[in-house]
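Contents: one structure, followed by commentary.
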Amino acid sequence: MQEFIRETIKACQEIVVMLGATTDPKAYIPQYAGAGGDLCVGLDLMAEEIFIKRLGRFGQISSEESGIVGEGEAQIVLDPIDGTDNLLTHFPYYGTSVAYLIEGKPLVGIVCNFANGDIFIKDKEQFLQGKLHSAHFTAVKKHHTSKVGLFEKAALYPKISEALTLAHLKYRAPGAVALSLAYAHYANYMVFLGKMRNYDLEAGLFMCEDLHMYKDEMHIIISKDKEVFEKVKKIILK
């Protein structure tokens with residue numbers, strides 16, 4: 001597992017360099033609809049190529065862009081760039097999600113925010129956060145001073161958004177669900193509503209397994225605080 005983690009970190013480092021150096025206009029143009037249903041831009045495909053080169057030997061890759069690549073006992077579920085629209089807008093909330101699964105069960109989850117270098121790594125023994133270009137990592141701990149939640153796709157649910165506001169449950173809608181799951185220990189709560197795609201969710205949900213969580217086909221509701229969790233759940237599911 002440590003070799004897989006090291007290679008994933010190297011891939012993330014390589015992608016950050018690529019993102020900063022790419023000047024080809026085609027890299028920013030939509031190419032085609034990927035396996036996940038969204039339009040892929042050139043940068044998505046370039047990031048995917050780096051991951052395939054680094055991680056292909058560890059198992060079969062299931063990527064949001066190209067679908068199934070290669071073969072192997074293990075499955076690597078990958079969203080090469082989570083929050084591509086943010087990247088194209090120069091909004092600093094975009095990154096990647098990588099999960100390593102055996103027989104459908106995650107053993108490693110890695111989420112990296114390419115914009116600020118935050119990287120989260122979880123295995124069966126520990127959950128750590130550090131910076132992409134640093135060897136120093138610390139254990140992820142719940143922040144009990146959190147003032148805001150993270151509500152992905154909030155604009156599509158105005159009535160729920162209004163209800164949360166009236167209940168004084170502040171939120172932000174940053175636009176990258178894998179990152180928001182990784183930051184869930186720090187937020188007051190995290191909500192994602194709508195179509196579920198495992199590319200975005202596998203690593204992040206693995207990171208949230210110690211939090212209060214409700215999940216069905218259209219709802220993910222998470223909070224470290226039981227009272228907040230029940231409040232948000234009641235608003236959303238009523």
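The values are calculated or read from the model by the stated rules, or taken from the named source; none is laboratory data. Treat the numbers as computed from the prediction; the structure is a model and nothing was measured. With ideal geometry, Cβ positions are generated from the backbone for all residues, glycine too; neighbour counts draw on all protein chains shown.
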* **Residues of the range 1-52 satisfying the condition of being part of a helix (DSSP H, G or I) and among the aromatic types (Phe, Trp, Tyr)** => Phe4, Tyr28, Phe51
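Pull up the range 79-118, narrow it to residues that are among the acidic types (Asp, Glu) and under 20 Å from Lys153 (Cβ atoms), then point me to the one that is farthest from the chain's Cα centre (by Cα). Even if it seems obvious, please write down each step before you answer.
Taking the range 79-118 as the starting set, the residues that turn out to be among the acidic types (Asp, Glu) are 79, 82, 85, 103, 118.
Next, only the ones that are under 20 Å from Lys153 (Cβ atoms) stay: 79, 82, 85.
Working: Asp79: 8, Asp82: 6, Asp85: 14 Å.
Out of the qualifying residues, it is Asp85.
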* Exclusive hit being surrounded by 14 or more Cβ atoms within 10 Å (Cβ to Cβ), on the phi > 0 side of the Ramachandran plot and not acidic (Asp, Glu), set Gly67, Gly83 -> Gly83
* Asked: Only one of (1) within 15 Å of the chain's Cα centre (by Cα); (2) closer than 28 Å to Thr8 by Cα fails for Leu193. Which number is that?
  -> (2)
* Pairs under 8 Å by beta carbon, first residue in the same structural domain as Arg54 (by TED's automatic domain parsing) in the range 1-19, partner surrounded by fewer than 17 Cβ atoms within 10 Å (Cβ to Cβ) and part of a helix (DSSP H, G or I), six or more apart or different chains? -> Ala11/Lys53
* Quick one: which residue in Gly36, Gly42, Gly117 is in contact with a Lys or Arg (Cβ under 8 Å, 6 or more places away or on another chain), on the phi > 0 side of the Ramachandran plot and surrounded by fewer than 23 Cβ atoms within 10 Å (Cβ to Cβ)? => Gly117
* **Residues of the range 41-66 that turn out to be within 17 Å of the chain's Cα centre (by Cα) and not aliphatic (A, V, I, L, M), as a count** => 7
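Among Val98, Val108, which is the only one that is buried (at least 18 other Cβ atoms within 10 Å of the Cβ) and touching a Lys or Arg at 6+ places or on another chain (Cβ under 9 Å)? Before the answer, list the steps.
Working: Val98 fails: touching a Lys or Arg at 6+ places or on another chain (Cβ under 9 Å).
Answer to the check: Val108.
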* Asked: Is the range 94-108 home to any residue that is outside any strand (DSSP E or B), touching a residue at least 60 places away in the same chain (Cβ under 8 Å) and closer than 30 Å to Leu169 by Cα?
  -> yes
* Specify the residue that is farthest from Gly104 (Cα to Cα); the eligible residues are those in the range 176-204 that are aliphatic (A, V, I, L, M), free of Cβ contacts under 8 Å to residues at least 60 places away in the same chain and in contact with a Gly (Cβ under 9 Å, 6 or more places away or on another chain). => Ala187
